[in-house]
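What follows is one structure encoded as structure tokens, with my remarks underneath.
The values are calculated or read from the model by the stated rules, or taken from the named source; none is laboratory data. Because the structure is a prediction, the values reported are computed rather than measured. With ideal geometry, Cβ positions are generated from the backbone for all residues, glycine too; neighbour counts draw on all protein chains shown.
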Amino acid sequence: MADVITQIYNAVDPFRPLEPGDPAYVHCEAERGDANVLLDLGPEILRSNRYTSQLYAGHRGAGKSTELLRLKADLEAKGCFVVYFAAVGDDGDIDAQDVQYTDILLACTRHLLEKLQGADPAPLVSWFKDRGKALHELGQTQVVMESLDVKMLASQFAEMTASIRTVPSQRRKIRDLVNPHTVTLVTALNQFITDAKTKLPGGKTQLVVIADNLDRIVPIHDDYGRNSHDEIFLDRCDQLKGLDCHVIYTVPISMVYSNRANDLKEVYGNPELLPMVMVQTPEGEIHPPGVARMQEVLTRRIQPYLPEVQLGRDIFENEAVVTQLCLASGGHVRELLLLMKEALNRTESLPIPTMAVRRRSPPPATLSPHSGKGPVGGAGASSQTRAIQNDEPHRDLLFRRCLMEYRYFDDEGTLQCWYDAHPLIKAIPEFKQAVADWQAP
Amino acid sequence: MTTDLLDWHEDDQTVDPEAEYRMLLNGLRRTEGFGLFFVQCSPFGGEQIIQRVQADLADQSVAVLKLDAPIEDGNVFKRIRDCLDTQPETQVLFIQGLELSLLDYEESKKRLGWSSEKIFSYSWQGVPPVLINLNQQRERFRDSFNIRLVFLLPVFAVKYLVHRAPDFFDWRSGIFPCSDTDELVVRKLVELSKNKDYGDCQNWPQSKRNSEILRIQSLIESSRDDINKLCFLYGTQGNLLATSGQHEEASERYTRVTKLQPNNHKAWSNLGGSLFFLKRLEDAIMAFNYAISINSDLFEVWLLKGVALNQLNRHLEAAQSFDRASQIKAEVPEAWLLQGDNLLEIERYEEAVNAYQKALENNIKDKETTYKVWLNMGEALRRLSHHERAIESFNHALSINSESPEALNNKGLALVEKAIAEATEVSEDNFKNDVKNGICLYEKSLSIKPDKHETWNNKGIALGKIGCIEEAIYSFDQAISIEPCSYEYVYNKACCYGSQGNAQDAVQVLKEAINLHPKCREMAKTDPDFDLARHDPHFKALLADQGTGA
């Protein structure tokens, strides 16, 4: 029987998105500018006559995957068949440094094949066979795609995509074989999808594909200054949008702010963004509802082991410490859990001594050691102006979560977005110096 | 008592290694299932931590994955999985040596302080595959490995990972800085300074050198205050880097030593060596000068300085450097060869010959050097018109490398020149035979290297001397077709026509020669080869013409 500290320690894992319906889930919409994936992304799908493609963005660790899983459950309850998958990194799909749109299409194909077992895969079969034959002739695959069984095809195709992953030279060859045929792939896929829709289990009528983790694609600039993100989401959007079903793709937050943001809007409409929980106001005051939400996050995870728990009495020495901890997280859920874990590591018995909370590890070099004009300066300036300049350094800071975005509705009901530096960064001397430099006339 | 957690307090941030270790232990004990831990430590410290954890976590099965070379395909996931396949009951896995896969990348060098360039974070070019692999595959890590993974990494690698594998790093259960105790640092330093093994480091595999470079790096980071220790470490590290061909980084290390210890002549001479390899010759010479000003008895420095000066075409100064070098050590044949070559370039042939002889007097170990000495000495002798001795030298060179186009060409030249010099003392037939011997050698040289236009030219001249004008013209044509911009070849061809009395062609070709270089006009005025054509009005006009281009 593990002791309570161990149980709590394991309950604050930062690496599992919550399953929908998990009692540990806390509704934070109000403190996130009403960002509610059920209301933002869902109705678009349910009400539209055409097929939609939408983008979803947010900081790393803000809770995107959790929200998408909630959306999945909600859509399923409303008559949709949802194929959710992590496009990057999950079990042999894409990990290439230079992910291209073909990789995403192939990943979609594979997962659709796996989940839509009842549909007639004939159009895809012939596509695979042709490609497989070409690959086989090149000596790229031992596998001969003879089978008509969809499961076989899916796994053979997985093998193919897996080898895309490993050897760069193979990657190139497979790409060269697949790239010119992506249009026909989309056509074949659509035939498959059309058939699948007539045979959806449970009497569902709509098909929705959610491709998560695309925000983890590394932005690679080629020699012409073009960006792999641009290529995937914009230049090839016809292919990503060309599927005859609803799609939701996650997209890196830096792209939403890039100089192609307008293009992005034109193609996909406004991307949905999941901001941080607002624990402080732009004026620097504590925002109690936000802090309360963060506390609830902790409380709900601890409750299974200490049903009557009160954070400020049983876990920490007093309420003030709890508040400070929530503030230190900057409204970032994963950060809060991490801080909790660190504090627990320094503890032998509850309540956690305040010293253990104070003595946290330094923010591991989230900022390069520059000052003045460099990244620290940018973060410094933003923390004072609550705004960001839309340029590469600032986008990079957003990407690295040194700068965070918050949203709220003001008194007139208008949505306000503002930015601030990560609170733990604000405390370090270089940052304070940068702010002083910035303020000096 | 303030509970302002958002403030950074200096005293809070002093790292207590014992406390950090206890935190790590707590984390490892308490985590059920998957967990990710990062320990920031030196290679030495890492060893100690593993041992302590193995002892303290007696109820858990601890294993170690020691990476002693870069992971070629970057697939960290696979390496870990393979390791666990062989030890399936493992509950805690330490991973050592991931930093070796990072060392070759530019960003590493900047993070290690080996480059003066700054890091700009927003370029994702050239991110090491291991970091991409970690970042993209992190869900797979969580789902496949239900154990605690502990990465032992030096500071620069942690920072690198934070920036380039941020999603992976985000899943950490904690990061634990564990610095080495003073006692450990001192012990490792002593071991290092006693290590005689470095003399052999050229034969080490690169990964072994890299490991050593990183071990020294960790000692450097712990020795910030002790200048002597630091210089020793920088110097050793610099040597390893230089041996690995990383001269840019090596020169950065040596420069640091020279800044801390300006009288350290070894550092200056090593720095000069690195700069020399980087082709920064003037800078190299400056460094050499510093070294010599501290200690004037440094043979290699004088020698390398001479080579650098020679490459900059500062031959007189080079000669002085070589002189000094040979005053210090007179028994190194390669040095005499360098000296001789330098003197050859400035036409001090007598001295060059002396130098080459000195080279021969000392035991030359390899044939290539011996060949060069004989070849170049032969050339110097030829220029001095000591034909017999020149031919003898060329013969020696050919006995080592019988197919050398240069040696054949030069010996041929010597034979022809000798024949010409002795022409008045022998019969016409003998003269022609002697010249033909030379031509034979030209032909042999050309059969090996047909595009050597100098040899075609030489052949043409020789043929002209024995009256085979048509063949001479052919030879000059060959030379011109390979090297059309040389006025000598064209002029020579014109001379042929002239000596045949063919004024028309002579004028035409001479005009081309003058176009290539105006001095051909002056030469033609007194050249006996054109005597038969001097009456020709066009010829007169051409010579008289002061450049109005008629």
Exercise. Before we move on, is A:Leu234 at pLDDT 80 or above and assigned by TED's automatic domain parsing to the domain that holds A:Gly58?
Worked result: yes
Exercise. Could we say that B:Tyr198 is of a type outside the set (Asp, Glu) and within 28 Å of B:Gln40 (Cα to Cα) here?
Worked result: yes
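Condition (residue is under 23 Å from B:Asn264 (Cα atoms) and in contact (Cβ under 8 Å) with a residue 24 or more places away in the chain) applied to segment B:328-349: is it met by at least one residue? Let's see the steps before the verdict.
Initially, segment B:328-349 is screened for residues under 23 Å from B:Asn264 (Cα atoms), giving B:328-329.
Now drop any that are not in contact (Cβ under 8 Å) with a residue 24 or more places away in the chain, which leaves B:328-329.
Scanning segment B:328-349, I find at least one residue that is under 23 Å from B:Asn264 (Cα atoms) and in contact (Cβ under 8 Å) with a residue 24 or more places away in the chain, so the answer is yes.
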Exercise. Checking B:Lys540 against (1) in a helix (DSSP H, G or I); (2) in contact with a helix residue (DSSP H, G or I) (Cβ under 9 Å, 6 or more places away or on another chain), which test does it fail?
Worked result: (2)
For this session: Select from segment B:286-313 the residues that are crowded, with 17+ Cβ neighbours inside 10 Å and over 22 Å from B:Gln246 (Cβ atoms) and list them in ascending order.
Result: B:Tyr290, B:Ile292, B:Leu298, B:Trp302, B:Leu303, B:Lys305, B:Gly306, B:Leu309, B:Asn310
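How many residues does segment B:102-116 hold that are in a loop (DSSP other than H, G, I, E, B) and buried (at least 20 other Cβ atoms within 10 Å of the Cβ)? Full working, then the answer.
Within segment B:102-116, the subset in a loop (DSSP other than H, G, I, E, B) is B:102-105, B:112-116.
Restricting the remaining residues to those that are buried (at least 20 other Cβ atoms within 10 Å of the Cβ) gives B:102-103, B:112, B:114.
Result for segment B:102-116: 4.
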Exercise. Which numbered condition trips up B:Phe476, out of (1) among the hydrophobic types (A, V, I, L, M, F, W, C); (2) crowded, with 20+ Cβ neighbours inside 10 Å; (3) over 30 Å from B:Glu403 (Cβ atoms); (4) in contact with a Lys or Arg (Cβ under 9 Å, 6 or more places away or on another chain)?
Worked result: (3)
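So that you can scan it fast, the table gives a plain yes or no per residue for (1) out of contact with any His (no Cβ under 8 Å at 6 or more places or on another chain); (2) closer than 30 Å to B:Asn146 by Cα:
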residue	(1), (2)
A:Arg16	yes, yes
A:Pro20	yes, yes
A:Ala24	yes, yes
A:Ala30	yes, no
A:Gly33	yes, no
A:Tyr51	no, no
A:Arg60	yes, yes
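Please verify whether segment B:480-489 includes one or more residues that are of a type in the set (A, V, I, L, M, F, W, C) and crowded, with 23+ Cβ neighbours inside 10 Å.
Quick first cut of segment B:480-489, residues of a type in the set (A, V, I, L, M, F, W, C) only: B:480, B:482, B:485.
Next, only the ones that are crowded, with 23+ Cβ neighbours inside 10 Å stay: none.
Looking for residues that are of a type in the set (A, V, I, L, M, F, W, C) and crowded, with 23+ Cβ neighbours inside 10 Å, one finds none in segment B:480-489, hence no.
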For this session: Could you please let me know if B:Phe168 is over 30 Å from B:Gln261 (Cβ atoms) and outside any helix (DSSP H, G or I)?
Result: no
For this session: Grab the strands (runs of 3 or more DSSP E) fully contained in segment B:27-101, keeping just those with 3 or more residues being in the same structural domain as B:Ala165 (by TED's automatic domain parsing), closer than 26 Å to B:Lys208 by Cα and out of contact with any strand residue (DSSP E or B) (no Cβ under 9 Å at 6 or more places or on another chain).
Result: none
For this session: Please indicate, with yes or no, whether at least one residue in segment A:137-156 is of a type in the set (Lys, Arg), surrounded by fewer than 20 Cβ atoms within 10 Å (Cβ to Cβ) and either outside any helix (DSSP H, G or I) or modelled with pLDDT of 80 or more (or both).
Result: no
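Taking the residues in segment B:29-65 that are within 13 Å of chain A (Cβ to nearest Cβ) and under 49 Å from the mean Cα position of the chain (by Cα) as candidates, determine which candidate is farthest from B:Phe176 (Cα to Cα). Break it down into steps so the answer makes sense when it comes.
We begin by selecting, within segment B:29-65, every residue within 13 Å of chain A (Cβ to nearest Cβ); these are B:29-40.
Retained after the next criterion (residues that are under 49 Å from the mean Cα position of the chain (by Cα)): B:34-40.
Values: B:Phe34: 18, B:Gly35: 14, B:Leu36: 11, B:Phe37: 8, B:Phe38: 6, B:Val39: 5, B:Gln40: 6 Å.
That would be B:Phe34.
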Exercise. For segment B:212-317, which fully contained helices (runs of 4 or more DSSP H) count at least 1 residues that are among the basic types (Lys, Arg) and modelled with pLDDT under 95?
Worked result: B:227-243, B:247-260, B:265-277
For this session: Could you tell me whether any residue of segment A:58-75 is away from chain B (no Cβ under 13 Å) and without any contact (Cβ under 8 Å) to a residue 12 or more places away in the chain?
Result: no
Exercise. Which residues, counting only those in segment A:30-46, are under 17 Å from the mean Cα position of the chain (by Cα) and either surrounded by fewer than 16 Cβ atoms within 10 Å (Cβ to Cβ) or among the β-branched types (Val, Ile, Thr) (or both)?
Worked result: A:Val37, A:Leu38
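When only residues in segment B:127-149 that are of a type in the set (Val, Ile, Thr) and more than 7 Å from chain A (Cβ to nearest Cβ) count, which is nearest to the chain's Cα centre (by Cα)?
Of segment B:127-149, the ones of a type in the set (Val, Ile, Thr) are B:127, B:130, B:132, B:147.
Now drop any that are not more than 7 Å from chain A (Cβ to nearest Cβ), which leaves B:130, B:147.
Numbers: B:Val130: 29, B:Ile147: 47 Å.
Looking at residues that are of a type in the set (Val, Ile, Thr) and more than 7 Å from chain A (Cβ to nearest Cβ), I get B:Val130.
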Exercise. Quick one: would you say B:Ala423 is over 26 Å from the mean Cα position of the chain (by Cα), small (Gly, Ala, Ser), farther than 23 Å from B:Asn310 by Cβ and at pLDDT below 95?
Worked result: yes
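Does B:Phe151 meet the test of being in contact (Cβ under 8 Å) with a residue 24 or more places away in the chain and crowded, with 23+ Cβ neighbours inside 10 Å? Give the derivation first.
Values: in contact (Cβ under 8 Å) with a residue 24 or more places away in the chain: yes; crowded, with 23+ Cβ neighbours inside 10 Å: yes.
Here the answer is yes, as B:Phe151 does meet what is asked.
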Exercise. Among the residues of segment A:383-415 satisfying the criterion of being surrounded by fewer than 21 Cβ atoms within 10 Å (Cβ to Cβ) and in contact with a Pro (Cβ under 8 Å, 6 or more places away or on another chain), which is nearest to the other protein chains (Cβ to nearest Cβ)?
Worked result: A:Pro393
Exercise. Which one of these does B:Asp56 not meet: (1) among the acidic types (Asp, Glu); (2) at pLDDT 90 or above; (3) buried (at least 17 other Cβ atoms within 10 Å of the Cβ)?
Worked result: (3)
Problem set entry | helices (runs of 4 or more DSSP H) completely within segment A:378-441 that count 3 or more residues being among the aliphatic types (A, V, I, L, M) | A:429-439
Exercise. Taking helices (runs of 4 or more DSSP H) that fall entirely within segment A:181-292, which contain at least 2 residues that are among the aliphatic types (A, V, I, L, M)?
Worked result: A:182-198, A:253-256, A:261-268
Seminar exercise, completed: Only one of B:Leu192, B:Leu161, B:Leu184 is within 13 Å of chain A (Cβ to nearest Cβ) and at negative phi, namely B:Leu161
Problem set entry | Residues of segment B:123-165 that turn out to be in a loop (DSSP other than H, G, I, E, B) and farther than 20 Å from A:Glu335 by Cα, as a count | 11
Problem set entry | Members of segment B:331-386 that are of a type in the set (Asp, Glu), within 22 Å of B:Asn401 (Cα to Cα) and outside any helix (DSSP H, G or I) | B:Asp366
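Being part of a loop (DSSP other than H, G, I, E, B) and modelled with pLDDT of 75 or more is true for just one of A:Arg70, A:Arg60. Which residue is that?
Numbers: A:Arg70 fails: part of a loop (DSSP other than H, G, I, E, B).
Checking each option against the conditions leaves just A:Arg60.
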Exercise. Since B:Thr526 meets every condition but one in (1) buried (at least 20 other Cβ atoms within 10 Å of the Cβ); (2) among the β-branched types (Val, Ile, Thr); (3) out of contact with any helix residue (DSSP H, G or I) (no Cβ under 8 Å at 6 or more places or on another chain), which condition does it not meet?
Worked result: (1)
